[in-house]
Each structure stands twice: as C-alpha cells, then as structure tokens.
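Worksheet for the structure shown next.
The values are calculated or read from the model by the stated rules, or taken from the named source; none is laboratory data. Keep in mind it's a predicted model, so treat the numbers as computed, not measured. When we count neighbours, we look across all protein chains shown, and the Cβ atoms used for this are built from the backbone with ideal geometry, even at glycine. Side chains are part of the model used for accessible areas, which takes the heavy atoms of the whole protein and leaves out ligands, DNA and RNA. Shrake-Rupley method; radii C 1.70, N 1.55, O 1.52, S 1.80 Å.
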Amino acid sequence: MNKNSSNIMALAPNTSNKRETVCIFGTGDFGRALGHKMIQSGYPVVYGSRSTQISNLIPKDAEVLSHAEAAQKAAIIIIAIQRQHYNFLTPLAEILHGKVLVDISNNLKLNQYPESNAEYLAQLLPGSKVVKAFNTVSAWALQSGTLDASRQVFVCGDDVEAKQMVMNIVRALGLTPVDKGSLLAAQEIENYPLQLFPMWKFPMFLSLGLTAFFFFYCLALDVIYTYIYENNNFSFFIAFTIPNRVCPVMALILLALVYLPGIFAAIIQLYRGTKYRRFPNWLDKWMLCRKQLGLIGLAFASLHAVFTLASPLRAFVSWRTGKGIIAQALNNKTEPLNTTTAWISDSYLALGILGFFLFVLLGITSLPSVSNNVNWREFRFVQSKLGYLALILCTAHTLVYGGKWFLSPSAYKWYLPNIYMLSLVVPCAVLVVKFVLIFPCVDKPLTRIRQGWERNPKYSE
C-alpha cells in the first residue's frame, strides 16, 4: 500500500518550487556530467552504484548509495549503463515497479539488436515506465554548457505522464525536448547518433562524382590535348586553372539540381491529376536533400570567388600580360579599347557578383537560426523566388562568359564541347520548363491540384 501510494505521489505534478529527487544508476562520464548539470539546475541527485564510497569524480552535492537504496529515494531513475549490464536490474523489479526509468544508452552500430535498448529494458521490467531520452547529447556538451547543435533531446515512451516528467527535466537543463511518440521510436532515436551525416551522403557522393568527372574532363582538354597536338606543357593548370573552372560549373549545376526535383514533382502532379499519391522514392529522397545540395553548391561558388580574386597573383597571368605589353611596344602600336569586350567583361562580372550575393542569401536563410525567425511566406519567397532569380543570374553569368565558344570550332577539342557548355544543360532545362509551368494555362490547374482538387478522385489514398 505504502509503496504504490508513494509512487503515485511521486508521479503527481510538483506544485512547489522544490524539484524532485533524481536517481542515476551509473557513475561513468555521462552519468557524472548529467548529475552535475542537474544539480546546477536545482535537482537533488542520488547515485546508485556498486561502490558507495565517495569519489572525487562524483559531484560533491550528490549522494551515493546502493542501487536499492538510491531507487527508493526517487521516482525518476536514469539508467546510465550499457545494455549488457541490464540484468542486475531484474532483482530490483519490485523496488522499480511504477518508477520512471530513463534509458540513455547507445549501441556501437546501427540496429545492433533486434529491439531497441529501451524496449529491451521495458521487457525486463514490465512494471516500470520506460522513457528513452538524453542519448543524443554528449557528456562533453553537458560539461561545456551545451552547444546549439546538441540542444535537442529526442524523447519517446508509452506513458504520457512519465514522458512529460522527463521532458520537464530536459527543459530545466536548458535543452529542447522533441517528442518522438511511443517507445517504438526508440530504435530510430538510438540509431540517430550513429549516423554520419545521413542527409549529406547522396549530395556528397554526387558532388564528388561530378567533381572528378569535370576535373578529368578539363585535364584531358586543357592539358593532355594541348601537350599532344600543340606541344605546350600546361600541366600547372592542375593547381589553379582547372579547379577554378570546375568550381563554378559545380556551383551552377548543384544550384539547378536544387530546383529540378520541384520541376519533376509539378510534372508528376499534373500528369496524375492529384497530390494524394506519393512521389517515387528517388524523388522523395532527392527533395529531402535539396538544402544540402544548395550548401555544397554555395561552397563551390565561394571557392570560385576566392580563386578569381587570387588569379592576378599567378605567374602565368603576369607572363601573359607582360607578353602583350611587350608585343605592343615592339610593334609600336597600342591596341584600342574594345568597348564590346569591355561590356561583356563587366556584364558577366556583375551578373556573377549579383548571383553569388543571392546564393549566399539562400544559404543564410536555410540555417535553422535564421529560418526559425521568418514565417513560411517569407521563407518561400527567399528560397523560391529569389532562388530562381539566383539561378537565372548565375546561368546568365556563364552564358555571357562562355557563350562565345558555342560557335567556335576551336572550342571543340576531340569533338568534345567546352566544360561551360556542359554546365548550362541542366540550368537551362530547369529554367525553360519553369517558364512553361508559370503560364496561366499550366499554373492554374497545378495550383488547384495542390489545393486538393483531383482529376480522378478514385486514385486518392
């Protein structure tokens, strides 16, 4: 009777300013860091340990007792031990009955066990209320005051009241709880810290693959071809010239790839006549990683800007400029300023600067700290309207700079087009199709579909 009533009282909302005692099983790095943070937040902390001797590593205001004695002092018990040691909890089942057990463990690899550690703990102690939390926060982050990237704490559990109690503790520690639902989500939460940039894999592999392709493409045309047919050794192009050609090409293509899946989605919805059918899996994954593609593209654009600013410092540029000056001196003739060339030069530079400015603006607004401070309409205006304007400017920048090579036979070495011609294929295709999609005869039915209208309602799911 006393045991059950004490648990009910412990689970009741705390109306006083005094915080409830929290028990921590485990005195490892994370258990100590979490206990220290809780004491700073006003929580009385008691450690349950095999050894009850006070160590210098234990926070000085914490109490150290045996597991059984510590469990009796608190309604919330944080299990800061590894799964393989959970068996010692079985003899404590009666004491832990009705208690909130917070599982914070992680595994060494993805899906290491058939069930999550939290679900396994719930099977061992069916009378307890198991909640998964804190496994996405590191001990170092707790000790250093928590970094912005470590503030989110995923929480899941089957008991709503127990989960709410844990979320209250998370907030008291200055962290942000994210409710992931029932204990079935524990497997996903445990896999999260083990994933290495999960949303960046496809963008990174795609970028590396395209970069390698364009690098060797330029190497073949600018170095190998000139050495074989013109007997010129331009191998030093590998260090500067070729990277400065690959970077803008990659930036433009990746920016176009950010908006290409939206084009595909619009075409598919127009074809199906409904928005209530899932997109193909490849398109879903592509749309989810558009932010990453854009940020990688911005990195390439930034490198191109740095390379361009450093270009006058190159020995090759100094030699070429000096050669032109000497040639004019020997011929006793000064070349007049070609205003057409000056217009083209200034135009493509201005277009590139404006396009890069908007590209940077897109990158800034994609950051959570910025996007959280704008409403949906503002975010959509920047990412869609200004995004397409950035794509137009960057495409125009490339067209003005490299358009002259389209009709020049000398540009087709080994009958292959110049790299700038290849870079315009995807952006131009995106802009042309987008131009068609904004026609009223196409835009109106697409808008109706996205508002819920269906051509054939029987296909809705």
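Which one of ALA33, LEU184, LEU446 is farthest out on the positive end of the charge dipole of the chain, using unit charges on Cβ (Lys, Arg +1; Asp, Glu -1) and the Cα centre as origin?
Value: LEU446.
For GLN143 and PHE264, calculate 0.36 nm times their separation in residues minus their Cα-Cα distance, and state this gained length in nm to one decimal.
Contour length minus Cα-Cα distance gives 38.9 nm.
Tell me which residues come under 5 Å, amide H to amide H, from VAL153 once H is placed; ignore anything under 5 positions away on its chain.
Residues meeting the amide H criterion: THR176, VAL178.
Going through region 367-459, which trypsin sites (Lys or Arg not before Pro) have at most 13 other Cβ atoms within 10 Å and a DSSP loop state?
ARG455
Under unit Cβ charges (Lys, Arg +1; Asp, Glu -1), what dipole magnitude, rounded to 20 debye, does region 22-194 have relative to its Cα centre?
Here the size comes out at about 320 debye.
Could you work out Rg/(2.2 N^0.38 Å) for region 71-170, with Rg from alpha carbons only?
It is 1.08.
Find out how many positive minus negative residues lie around GLY262, taking Lys and Arg as positive, Asp and Glu as negative, among other residues whose Cβ is under 10 Å from that of GLY262.
Neighbourhood net charge equals +2.
What residue among PHE279, HIS97, ALA342 has its Cα farthest toward the positive end of the dipole of the chain, where the charges are +1 on Lys, Arg and -1 on Asp, Glu, each on the Cβ?
Farthest towards the positive end: ALA342.
How much length would be gained if the chain were fully extended between ASP29 and VAL317, taking 0.36 nm per residue of separation minus their Cα-Cα distance, in nm to one decimal?
Going from the current span to full extension adds 98.0 nm.
Where does the charge balance sit around VAL131 when Lys and Arg score +1, Asp and Glu -1, over other residues with C-beta under 14 Å from its C-beta?
After counting each charged neighbour, the total is -2.
Using a 1.4 Å probe on the protein chains only, how many percent of the accessible area of region 22-194 belongs to carbon and sulfur?
Carbon and sulfur atoms account for 49 percent of the accessible area of region 22-194.
Find, to one decimal place in angstroms, the Kirkwood hydrodynamic radius of the chain, where the mean of 1/r is taken over every pair of different Cα atoms and then inverted.
Result for the chain, one decimal place: 27.4 Å.
For the modelled label position 7 Å from the Cα of ALA239 along Cα-to-Cβ, which residues of region 302-338 have backbone nitrogen atoms closer than 11 Å?
Within reach of a label on ALA239, which here means backbone N under 11 Å from a point 7 Å along Cα→Cβ, region 302-338 contributes 314-316.
Quick one: which residues, 5+ away or cross-chain, put their amide H under 5 Å from the amide H of VAL102? H built at 1.01 Å from N.
ILE77, ILE78, ILE79, VAL131
I need the phi-derived Karplus couplings for region 278-291: 6.51 cos²θ - 1.76 cosθ + 1.60, θ = phi - 60°, integer Hz, Gly and Pro marked x.
Once θ is set to phi - 60°, the couplings for region 278-291 become 5, 6, x, 4, 4, 6, 4, 5, 5, 5, 6, 10, 5, 4 Hz.
At 20 °C and a viscosity of 1.002 mPa s, what translational diffusion coefficient does Stokes-Einstein give for region 259-354, taking Rh as the Kirkwood radius over Cα pairs? Give it in µm²/s as a whole number. Intermediate results must be reported in sequence, preceding the final value.
Working: Rh = 18.5 Å.
Approximately 116 µm²/s, per Stokes-Einstein.
Under a point spin-label approximation (7 Å from Cα along Cα-to-Cβ), what is the TYR229-PHE205 distance to one decimal in nm?
The modelled label-to-label distance comes out at 3.6 nm.
Across region 106-116, in residue order, what do the Karplus-derived ³J(HN,Hα) couplings come to in whole Hz, using 6.51 cos²θ - 1.76 cosθ + 1.60 with θ = phi - 60° and x for Gly and Pro?
Values per residue, Gly and Pro as x: 10, 10, 8, 8, 5, 6, 5, 10, x, 10, 5 Hz.
Quick query: amide H of VAL64 versus all other amide H atoms, modeled in the peptide plane; which residues come in under 5 Å with a sequence gap of 5 or more or a different chain?
Close amide H contacts, sequence-distant or interchain: TYR47.
If a/c stays under 1.5 just call it rounded; otherwise compare a/b with b/c (prolate if a/b is bigger, oblate if not). Do that for region 22-194, with a ≥ b ≥ c from the square roots of the Cα gyration tensor eigenvalues.
rounded
List the pairs from LYS37/LYS109; LYS180/LYS285; LYS60/LYS129; LYS291/LYS434; LYS132/LYS275 whose alpha-carbon separation is above 26 Å, in the order I gave them.
Violating the 26 Å limit, Cα to Cα: LYS37/LYS109; LYS60/LYS129; LYS132/LYS275.
Where both residues lie in the chain, what percent of DSSP beta bridges are antiparallel, nearest 5?
10
To the nearest 20 debye, what is the magnitude of the charge dipole of region 200-451 about its Cα centre, counting +1 on the Cβ of each Lys and Arg and -1 on the Cβ of each Asp and Glu?
My answer is approximately 1000 debye.
Based on alpha-carbon centroids, what's the gap between region 263-296 and region 51-85 in Å, whole number please?
50
Region 200-451: percent of C-alpha pairs farther apart than 25 Å?
Within region 200-451, distances greater than 25 Å cover 53 percent of Cα pairs.
At 0.36 nm per residue, minus the direct Cα-Cα distance, what do SER182 and GLN84 gain on full extension? Give it in nm, one decimal, please.
Using 0.36 nm per residue and subtracting the Cα-Cα distance, I get 32.9 nm.
Compute the longest continuous run of the chain that contains no exposed chymotrypsin sites (Phe, Trp or Tyr not before Pro); treat a site as exposed when its DSSP state is not H, G, I, E or B and it has at most 10 other Cβ atoms within 10 Å. Numbers along the way, then the final one.
Values: sites that count: TRP414, TYR415.
After excluding every exposed loop site, the longest remaining stretch is 1-413.
Please compute the net charge surrounding VAL442, taking Lys and Arg as +1 and Asp and Glu as -1 over other residues with Cβ under 13 Å from its Cβ.
With Lys, Arg at +1 and Asp, Glu at -1, the neighbours total +3.
Just to confirm, what accessible area per residue do you get for the chain at 1.4 Å probe, in whole Å²?
57
Would you mind calculating the relative contact order of the chain from Cα pairs under 8 angstrom and at least 6 residues apart, reporting the percent as a whole number?
RCO, the chain: 11 percent.
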